[in-house]
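The values are calculated or read from the model by the stated rules, or taken from the named source; none is laboratory data. Everything numeric here is computed off the predicted structure, so don't read it as measured data. Here the Cβ positions follow ideal geometry from the backbone for every residue, glycine too, while neighbour counts run over all protein chains shown. These accessible areas exclude ligands, DNA and RNA; they are computed on the full protein's heavy atoms, side chains included. Shrake-Rupley method; radii C 1.70, N 1.55, O 1.52, S 1.80 Å.
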Amino acid sequence: VNDVIGKLMRQHRTLATINQSLSPELAGLVALDYGVDLTIAQAQTLEELLVEEFGSRAPVEENLVTRPPVVTILGHVDHGKTSLLDKIRSANVAAGESGGITQHTAAWTVEIKGSDGQSKRVTFIDTPGHQAFTSMRARGANMTDVVVLVVAAVEGVMPQTIESINHARAAKVPIVVAMNKIDRADANPDMVLGQLAAQGLNPVEWGGDTEVIRTSAQTGQGIQELIEILDYQAQLLDLKADPHAPARGTVIEARIDQGLGSVGTMLVQDGTLKVGDVMISGQGYGRIRTLLNDRGESIKEAGPSTPVIVSGLNNVPNAGDKFYVVDDVDRARQIAEERETLQRQKDLAAKNQTVSTADALYA
Ligand code: GTP
Ligand code: MG
């Protein structure tokens, strides 16, 4: 041990103690010094840990029921994502409710009329198009069933349009294009179709298989058609979930609230989330105190594909973290604490690594 600590100090300018965590890079360098082969075991994901701990949570086949599709809106800044969503929501909110909708989250469940005339639910997630928000777009693409790519008919395909296409492809999610702002006099649909084809999104009207719907968030043109295409896509995907399973899902965003403490907007992806459930997410855990729906109303439970605002965790999880409901609060606490310690060690190791490289510059 002393030899290793000495080597870290002399050769790698790292002040280490006997129970120090090293970054994988630094560990690799030290291993090289000793001529040792180093294999770094992949850290267990929270899901793997929980499966080990509580057994498999694979859904029970006979419990599976159809769940609403989750649709994420992606696209370049200002191409009209939020306006389109607003239009979809206001056109489909039951009479008497319009005006009562408040923007509590970037995720909403909307009641729509499908291609078969049936009323059904679709959950939409809005994302920002500014280039600074790459990770939010990537997360959005990863927790969705279908991506609506909004491309303004005036500007056409732009850098974040291409980035969004890449996220959707990486997540293996089908893309439906909304060619928006079609009401504008300077709209140039043919240019946009050509640009889409150049990105490998060959439009249906050109014999390809990408649906391109001409929309206007201003006049409402194309909105119903877009909804019907989404409904059709959802039917093709045959989306199912087990409402009786322990709930799991993904954190869309999270923050500290003055009164409620840690508050997260989360998407329930399987199972049913209930007030009083024990949740573990990121480095946080706790018993769920309150659940609010997308209108800010207090609810007792939330089923598959529902966005919900959750309070009761001891720590704020990160956007993109998975959440799981477990049935043992003491084990949840232990797991959360172990994960917190691990993260602290990792952060420290990363910090030491930076210090040592900075020192090396002046050596
Ligand atoms: P970010 O979230 O910043 O990426 O923008 P966004 O894609 O959500 O765009 P947003 O809905 O905020 O719309 C940007 C601007 O375009 C606003 O001024 C809208 O009024 C306008 N706009 C959006 N859709 C349409 C449309 O269909 N036609 C016209 N004429 N204007 C639109
Ligand atoms: Mg927006």
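Summary table
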item: Top-ranked residue in the stretch 201-214 [being more than 24 Å from the chain's Cα centre (by Cα) and among the β-branched types (Val, Ile, Thr); ranked as surrounded by the most Cβ atoms within 10 Å (Cβ to Cβ)]; result: Val212
item: Selected residue (only one of Ala178, Ala198, Ala217, Ala185 is within 16 Å of ligand 2 (Cβ to nearest atom) and over 24 Å from the mean Cα position of the chain (by Cα)); result: Ala217
item: Any hit, the stretch 288-302, residues being out of contact with any Cys (no Cβ under 7 Å at 6 or more places or on another chain) and under 13 Å from Phe323 (Cα atoms); result: yes
item: The stretch 21-68, residues that are at pLDDT 80 or above, open to solvent by less than 80 Å² (accessible area, probe 1.4 Å) and in contact with a strand residue (DSSP E or B) (Cβ under 7 Å, 6 or more places away or on another chain); result: Leu64, Val65, Arg67, Pro68
item: Selection count, the stretch 143-164, where residues are touching a residue at least 40 places away in the same chain (Cβ under 8 Å) and open to solvent by 10 Å² or more (accessible area, probe 1.4 Å); result: 8
item: Breaking point among (1) over 29 Å from Pro24 (Cβ atoms); (2) outside any strand (DSSP E or B); (3) touching a helix residue (DSSP H, G or I) at 6+ places or on another chain (Cβ under 9 Å), for Ile335; result: (1)
item: The stretch 89-138, subset farther than 19 Å from Pro304 by Cα, open to solvent by less than 50 Å² (accessible area, probe 1.4 Å) and modelled with pLDDT of 90 or more, residue farthest from ligand 2 (Cβ to nearest atom); result: Ala138
item: Where a residue in the stretch 342-356 is under 11 Å from Arg13 (Cα atoms) and its partner, wherever it lies, is at pLDDT 70 or above, with Cβ under 7 Å and at least six apart; result: Asn352/Thr14; Gln353/Ser23; Gln353/Glu25; Gln353/Leu26; Ser356/His12; Ser356/Arg13; Ser356/Thr14
item: Which numbered condition His167 misses (of (1) closer than 30 Å to Glu47 by Cα; (2) open to solvent by less than 30 Å² (accessible area, probe 1.4 Å)); result: (2)
item: Cβ-Cβ under 9 Å pairs, at least 6 apart or on other chains, the stretch 76-90 side farther than 15 Å from Lys113 by Cα, far side charged (D, E, K, R) and near ligand 2 (Cβ under 8 Å from one of its atoms); result: Lys81/Asp126; Thr82/Asp126; Leu85/Asp126
item: From Thr215, Thr210, residue being among the polar types (S, T, N, Q), in contact with a helix residue (DSSP H, G or I) (Cβ under 7 Å, 6 or more places away or on another chain), modelled with pLDDT of 95 or more and within 16 Å of ligand 1 (Cβ to nearest atom); result: Thr215
item: Number of the exception - Gly259 against (1) under 25 Å from Val173 (Cβ atoms); (2) out of contact with any Ser or Thr (no Cβ under 6 Å at 6 or more places or on another chain); (3) not hydroxyl-bearing (Ser, Thr, Tyr); result: (1)
